[in-house]
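The next block holds one structure in the form of structure tokens; read it before the comments.
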Amino acid sequence: MIDVANPKLVERVADRFRALADENRIRLLARLARSPANVRTLTAELGISQAAASKHLSVLRRAGLVTFESKGPQSIYQISDPSVHELCSIVCRGVLDFVREQAQAVAPT
């Protein structure tokens with residue numbers, strides 16, 4: 001766990017969680033988990049506008065979750081912190097378990 005007595009560290013952790021708190025950002029990270037991609041590819045595959053993708057990628061970049069490399073006129077984005085894969089897996093498992101428990105709780109017996 002983090003040192004809660006260190007307010008700057010707590011702030012950075014909160015910033016990272018805020019960066020993850022958006023459906024499109026989660027979708028972008030899930031797509032980038034497969035392979036690096038440029039904005040055009042991301043917008044086509046995810047069905048979001050270029051402006052939206054660029055905005056969300058900027059938030060993820062400031063949080064230290066993605067980086068980009070310029071290759072000619074395009075930027076290729078990739079996940080920069082592999083711990084995001086583990087975090088997403090943990091959260092996804094937790095959500096699935098919660099949904100299953102809720103479904104069992106309301107299922108007729």
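The values are calculated or read from the model by the stated rules, or taken from the named source; none is laboratory data. Since we're looking at a predicted model, the values are computed, not measured. Because the Cβ atoms are built from the backbone with ideal geometry, glycine has one as well, and the counts that use them run over all protein chains shown.
Within the stretch 36-56, how many residues turn out to be without any contact (Cβ under 8 Å) to a residue 12 or more places away in the chain and at negative phi?
Final tally of qualifying residues: 7.
Looking at S75, S80 in this structure, which one is free of Cβ contacts under 8 Å to residues at least 24 places away in the same chain and out of contact with any helix residue (DSSP H, G or I) (no Cβ under 6 Å at 6 or more places or on another chain)?
Of the residues listed, the single one that is free of Cβ contacts under 8 Å to residues at least 24 places away in the same chain and out of contact with any helix residue (DSSP H, G or I) (no Cβ under 6 Å at 6 or more places or on another chain) is S80.
For the stretch 55-76, indicate whether the set of residues that are within 17 Å of the chain's Cα centre (by Cα), at pLDDT below 90 and either exposed (fewer than 15 other Cβ atoms within 10 Å of the Cβ) or assigned to a strand (DSSP E or B) (or both) is non-empty.
There is no residue in the stretch 55-76 that is within 17 Å of the chain's Cα centre (by Cα), at pLDDT below 90 and either exposed (fewer than 15 other Cβ atoms within 10 Å of the Cβ) or assigned to a strand (DSSP E or B) (or both).
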